[in-house]
Amino acid sequence: MSLTVLSRKEKERAIRRLLIQAPPGEFVNAFDDLCLLIRDEKLMHYQGECAGHQHCQKYYVPLCIDGNPVLLSHHNVVGDFRFFDCHSKLSFKFDLLQNQLKDIKTHGIIRNETEYLRNVVLCALKLYVNDHYPTGNCNVLRKTVKKKEFLIACIEDHSYVTGNFWNGLWKSKWIFQVHPFLTQVTGRIFVQAHFFKNVNLHIEISKDLKESLEIVNQAQLALSFARLVEEQENKFQASVLEELQELSNEALRKILRRDLPVTRTLIDWQRILSDLNLVMYPKLGYVIYSRSVLCNWII
């Protein structure tokens, strides 16, 4: 049987798809592993740049510019793999593989009433994030869609503890229109965790929300918005913790792709391989496994 050779375009699509699937905090590890398989530095560099740009947008990768936190998302993309920052008034490219800014340029910001409101909302949101997150970051952006002004608030916190075999991310996004008297806030909270010690377990939990806010003035709107975010995120966290505590062993067995061993003990694959008596028959092209060894392990 002949092996199918992928065309260059098929290989590019496969590389990008695999890199995009990398969990938060593990992009560089996935890239390094693929480099060992592909062995095409030029191809991997380009695909890594493209996939890294999408990874930053998807997981709100945080940066620090002039001492101020910046969250990368698709809301502050300006094209050509570039992001912009309202505070520093800069646009730039970000190399996720090298963890550095590139091609930095000035980026103009229109100073108007909406921009002033953005700063007020950001101040209120920072107070909430600093009080509730160990190492949280937040950002507030503005966008104009069909002559309508919107504010977009993003929150991110993560814990990437590769040495302890797990990574976790919490992020949320909140959007509302700058409108007199009453506005509707649309939110989405997303949590992802990856455990990879003795098992490869991915957990993703999300919730979409819609709430209304009365508007009296800018200060009141900012404080009411921060209280709304705090209330909804606290409810979400409490419900997630409650659900996790209620999960029984039987429920986990149904959710997991494969049942855990009946013995509930770890399988020492190295010992199995060393104990197996393999008898090779090169001419016939197959291997006979020692039945007695396998039976001992099953028992």
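The values are calculated or read from the model by the stated rules, or taken from the named source; none is laboratory data. Because the structure is a prediction, the values reported are computed rather than measured. As a convention, Cβ positions derive from the backbone with ideal geometry for all residues, glycine included, and neighbour counts pool all protein chains shown. Calculation scope for accessible area: heavy atoms of the full protein, side chains included, ligands and nucleic acids excluded. Shrake-Rupley method; radii C 1.70, N 1.55, O 1.52, S 1.80 Å.
Structure notes:
- Residue within the range 54-64 that is at positive phi and at pLDDT below 95 present: no
- On the stretch given as the range 77-107, residues that are touching a strand residue (DSSP E or B) at 6+ places or on another chain (Cβ under 7 Å) and without any contact (Cβ under 8 Å) to a residue 12 or more places away in the chain total 1.
- Between 90, 96, 36, the distinction of being farther than 30 Å from residue 9 by Cβ and not assigned by the TED database to the domain that holds residue 202 belongs to 90 only.
- Identity of the residue in the range 121-157, part of a loop (DSSP other than H, G, I, E, B) and farther than 28 Å from residue 179 by Cα, that ends up most open to solvent (accessible area, probe 1.4 Å): 134
- Some residue of the range 207-217 being under 30 Å from residue 108 (Cβ atoms), surrounded by fewer than 16 Cβ atoms within 10 Å (Cβ to Cβ) and over 25 Å from the mean Cα position of the chain (by Cα): yes
- Annotation note: Cβ proximity below 9 Å between a residue of the range 20-48 that is under 18 Å from residue 195 (Cβ atoms) and among the small types (Gly, Ala, Ser) and a residue that is in a loop (DSSP other than H, G, I, E, B) and open to solvent by less than 60 Å² (accessible area, probe 1.4 Å) (sequence gap 6+ or interchain) occurs for 30/22; 30/23.
- Filter pass, residue 90 being more than 30 Å from residue 32 (Cβ to Cβ), more than 17 Å from the chain's Cα centre (by Cα) and aliphatic (A, V, I, L, M): no
- Among the residues of this structure, residue 69 does not count as one that is in a loop (DSSP other than H, G, I, E, B), touching a residue at least 24 places away in the same chain (Cβ under 8 Å) and not assigned by the TED database to the domain that holds residue 160.
- Of all the numbered requirements in (1) without any contact (Cβ under 8 Å) to a residue 60 or more places away in the chain; (2) among the acidic types (Asp, Glu); (3) touching a Gly at 6+ places or on another chain (Cβ under 9 Å), residue 131 misses one, and that requirement is (3).
- Within the range 108-136, the only residue that satisfies the criterion of being touching a strand residue (DSSP E or B) at 6+ places or on another chain (Cβ under 9 Å), within 12 Å of residue 226 (Cα to Cα) and of a type in the set (D, E, K, R) is 126.
- Residue tally, condition of a type in the set (A, V, I, L, M), open to solvent by less than 100 Å² (accessible area, probe 1.4 Å) and outside any helix (DSSP H, G or I), over the range 1-54: 2
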